[in-house]
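For reference, the structure discussed in these notes is given below.
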Amino acid sequence: MSVTWATFDCYGTLIDWEGGVADALAPLLPLGVDRHELATRYIEIEKSIEGERYLPYATVLDRAGRALLAERGVTLSPDDVCPLPDSIHRWQPFAEVSTTLRALRERGVRLAILSNVDRDLIASSIRHLGVSPDLIITAEDARSYKPAPGHWRLFRERSGATVEETVHVGASVYHDMVPARALGYRTVLIARHGESSPAALRTIPDLSRLRETIQALDGARRS
């Protein structure tokens, strides 16, 4: 393949952030809370906080978690610990992720993670993946959050990879598909909930067919 790099969003693409958020916050809420709705509202709050200015991601988790709980009538005092920041260390990868990453590496594709977290937080997630990426770019490195272009700028500087030899893979239309496509990258949307976007050149439900999807993108460019 002429694709030499695959860049990935981490949470939602490789790691189940939705389950992680719900597992952390649902015990503080009434029984029967809609876990998907809870996570969907969380990401809306998180986006607004990230859009204000750069803050350490643990602070973003804390503020967004407290705000989400407050909307549902659970107010944490300043002395109360929000369970969300510490929970990220327990968030697990989706079942097909490790196998897919190994298969790509065996085909000679180098792996990069471009994530809206800090380095200390992502370290535990990398251990869960069972595959160490060749490069990690975090919000802490970029001093900004996607969809700002800082992650991709640093990726180009540190990898030396061109847009033409890189495919970007993500589960968020807002954070990943739209900005990556605007920068000229070929894009693969991981649509675990049936999402779609014209910014995605390919859309698949999970990573199990990612290797074949990248090959198809590669062939389409050469034809």
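Once the 1.4 Å probe is applied to the protein heavy atoms, the stretch 1-123 comes out at 45 Å² accessible per residue. Per residue, the convex hull spanned by the Cα atoms of the stretch 128-202 measures out at 108 cubic angstrom.
Centre-to-centre separation between the Cα atoms of the stretch 57-77 and those of the stretch 8-35: 14 Å.
Could you tell me the relative contact order of the chain? Use alpha-carbon pairs under 8 Å, at least six residues apart, and round to a whole percent.
Values: 352 pairs, mean separation 53.0, N = 223.
Contact order relative to length: 24 percent.
Treating each Cα of the stretch 20-154 as an identical point scatterer and summing with the Debye formula, the log10 of I(q)/I(0) at q = 0.11, 0.15 Å⁻¹ comes to -0.46, -0.82. Calculate, for Ser196 and Ser48, the FRET efficiency according to 1/(1 + (r/R0)^6) with r their C-beta to C-beta distance and R0 25 Å; round to the nearest 0.05. According to the calculation, E is roughly 0.55. Averaging 1/r over each pair of different alpha-carbon atoms in the stretch 1-97 and inverting the result gives 14.5 Å, the Kirkwood hydrodynamic radius. Just so you know, the averaged projected area of the alpha carbon convex hull for the stretch 159-223 sits at 4.5 nm². Calculated translational diffusion coefficient of the stretch 39-87 (25 °C, 0.890 mPa s; Stokes-Einstein with Kirkwood radius over alpha-carbon pairs) equals 223 µm²/s. Given R0 = 22 Å, the distance between the Cβ atoms of Ala123 and Arg153 translates into a calculated FRET efficiency of 0.45. What is the helix-to-structure angle for 119-129, meaning the angle in degrees between its Cα long axis and the longest Cα principal axis of the chain, kept from 0 to 90 and rounded to the nearest 10? Approximately 70 degrees, to the nearest 10.
The values are calculated or read from the model by the stated rules, or taken from the named source; none is laboratory data. Owing to the predicted nature of the structure, the values given are computational and were not obtained by experimental measurement. In this analysis, Cβ positions are derived from the backbone assuming ideal geometry, glycine residues included, and neighbour counts consider all displayed protein chains. SASA here: full protein model, heavy atoms, side chains in, ligands and nucleic acids out. Shrake-Rupley method; radii C 1.70, N 1.55, O 1.52, S 1.80 Å.
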